[in-house]
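Comments concern the structure below.
The values are calculated or read from the model by the stated rules, or taken from the named source; none is laboratory data. All values derive from a computational prediction rather than experimental measurement. Cβ placement follows ideal geometry from the backbone for every residue including glycine, while neighbour counts extend to all protein chains displayed. In case anyone asks, the SASA skips ligands and DNA or RNA and just uses the protein heavy atoms, side chains included. Shrake-Rupley method; radii C 1.70, N 1.55, O 1.52, S 1.80 Å.
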Amino acid sequence: MATTKFIFVTGGVCSSLGKGVAAASIGSLLEGHGLSVTLQKFDPYLNVDPGTMSPYQHGEVYVTEDGAETDLDLGYYERFTHSTVSRLSSVSTGQIYEAVIRRERRGGYLGKTVQVIPHVTDEIKSRIRLLAENTGADVQICEIGGTVGDIESIPFLEAIRQFAHEEGRRNVLFIHVTLIPHVRAADELKTKPTQHSVMKLREIGIQPDLLLCRCDRDLDLDMKRKLALFCNVQAEAVLSARDITSTIYEIPLSYSREGLDRIVMDYLGLEGSPLDMSRWEDLVERIKNPVGTVRVAVVGKYSELQDAYRSIYEALLHGGAHHQHRVEIVKVNAEDIEQHGIGGALQGIHGILIPGGFGNRGIEGKIEVIRYARENRIPFFGICLGMQCATIEIARHLAGMERANSTEIDPNTPFPVISLLEEQMKIENMGGTMRLGAYHCHLVPGTRSREAYGVPDMSERHRHRYEFNNKYREELEEAGLRVAGASPDGKLVEIIELPDHPWFVGVQFHPEFTSRPLRPQPLFREFIGAAVEEAERQRHPLVVPKAEG
Ligand code: GLN
């Protein structure tokens, strides 16, 4: 623990500056120097976790290996570095207060008045140290959510100020991610918002060591000097973080060009090997120079939101990078399909993906899309709810089970092909019935999934309540469905396939959470591979696709 160094990343001026990607990119650069990193996110909201927040509020809920429902920035941490995040990596104000209040009720404060300072701040500091103790990483990067100046983030800022004081200089580095807007009328870059934001930080007692300036262009030397002088930062520690339009995976490389890794390592006295980012450079080259494009429709409920399916979009891109193809994501709203039919919505599409979800909005639209994918032999990938909908579609249209459904959608369906497990039904009212986190799955030899993974056993992360109903397993298998993966005890169906289709796979888990740019998730990789073939088939419509089975 004594050897872990800490980097705190704060945000200034406004939200959506990509602090999460910035923190993750710093981590990837330090790993490029052979150092080990761990990352942590502090969220200043009162929710205990984002599990109960609507995607409209919060974007995707990222599920960790150990089953925590966390902020989507943790997804960037895992995609950019080799670290595996856990529930220790995600801390909200809600969790902090919950712990403090629980301790107070137990009499743990020995009659003292319980206050924000020191009790809340102590709890925050203990969470920082707990992660360091658990991982023993060389560097721990902690991102403070929200924007400096928000009332909600004050306890966190006070806690990290105290933390830095306790750890001593050279053990803690403060990085402030800020915005330098370009005012078009004057054709000038403006430093004032950043000056004010740094002033706010200094009021609390935090002097940033490094400014990461988000801007639509590079800052020139004069600009950097001006910011350095007014913000009391060394000029070489004012870095341009210019908008990158090609791919976010270029961001670590662009930071390195600005010298970020050297400055951070010098300041913290870290010794590492010379920077090796060759695998990232290759990746970026492949992404920037595709040999073709595939169009994948993602048919969901929150299609208009950028972040609701973030990990899925990233995983598709990883698969595309593997095949050196650009993946054009076509967002299709399932409710539109429900109201207006498919029409031309899936014209020229090479693959169809249905992501996870809750509730019945858009379900019939999704089932219609699955039927289209099945009948037109378009590669199909169903994830969680998407797999459940595929099961319903197969039940209704291949097994003749009219009105088959999931009991989540229609509790009175005559064919509950997706339902709660018996033991879950009993405890439903007590809550906590969601299957969360990584579970093992045995793959069935001879299936597409078994081939894709290349191993007989794997584990993937879950976040759902309902399951494939084994009562209908035999009947559905007779109708053409194939169970390609199940829990080790054989009781829970985890993967379904249609062998009589170019690529039709539904999974009860969320494979998007384990995909990495340098190690695409096997099913995403194969799905994009099938889409590449489909694109080829559409280009040469006279070539009859070879029968597969
Ligand atoms: N609503 C479904 C269930 O609870 C699917 C959940 C999901 O797609 N994440 O089982």
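Here the chain is assigned +1 on the Cβ of each Lys and Arg and -1 on the Cβ of each Asp and Glu. Its dipole about the Cα centre then comes out at about 840 debye. Its Cα centre serving as origin, the range 21-178 has a Cβ charge dipole (Lys and Arg +1, Asp and Glu -1) of approximately 560 debye.
Return the equivalent ellipsoid semi-axes of the range 203-279 as a descending list in whole Å, where each equals the square root of 5 times an eigenvalue of the C-alpha gyration tensor. Mind dumping the intermediate values first?
On the way: eigenvalues 98, 67, 22 Å².
Ellipsoid half-lengths, sorted descending, are 22, 18, 11 Å.
Each of 267, 297, 229 was placed along the dipole of the range 164-303 (beta-carbon charges, centred on the mean Cα), and the one lying farthest toward the positive end is 297. Using the Karplus relation 6.51 cos²θ - 1.76 cosθ + 1.60 with θ = phi - 60°, the per-residue 3J(HN,Hα) values for the range 507-523 come to 10, 6, 9, 10, x, 5, 6, 10, 7, 10, x, 8, 8, x, 4, x, 6 Hz, with x marking Gly and Pro. Summing Cβ point charges (Lys, Arg +1; Asp, Glu -1) relative to the Cα centre of the range 77-143 gives a dipole of roughly 320 debye.
The helix-only estimate of mean residue ellipticity at 222 nm for the chain, built from DSSP H runs of length n ≥ 4 each weighted as -39500 (n - 2.57), is -11000 deg cm²/dmol after division by the residue total.
For the range 346-458, give the percent of accessible area contributed by carbon and sulfur heavy atoms, probe 1.4 Å, rounded to a whole number.
Values: 2390 of 4720 Å².
That share works out to 51 percent.
Highest mean first, the peptides 270-282, 251-263, 317-329 sorted by other C-beta atoms within 10 Å per residue fall in the order 317-329, 251-263, 270-282.
Mind ordering 182-193, 375-386 by average Cβ neighbours within 10 Å, highest first?
Working: 182-193: 11.5, 375-386: 23.6.
Descending packing order for the listed peptides: 375-386, 182-193.
I'd like to know how the range 445-549 sits against the 2.2 N^0.38 Å rule of thumb: what's its Cα Rg over that expected value?
Numbers: Rg = 15.1 Å, N = 105, 2.2 N^0.38 = 12.9 Å.
Here the answer is 1.17, to two decimals.
For the chain, the mean projected area of the C-alpha convex hull, equal to one quarter of the hull surface, is 28.1 nm². Peptides 400-412, 520-532 ranked from most to least packed by the mean count of surrounding Cβ atoms within 10 Å: 520-532, 400-412.
What number comes out for accessible area per residue over the range 25-105 if the probe is 1.4 Å? Units Å², please.
Values: 2720 Å² over 81 residues.
Heavy-atom SASA per residue in the range 25-105 reads 34 Å².
Per-residue SASA remark: residue 458, around 20 Å² accessible (1.4 Å probe; ligands, DNA and RNA not included).
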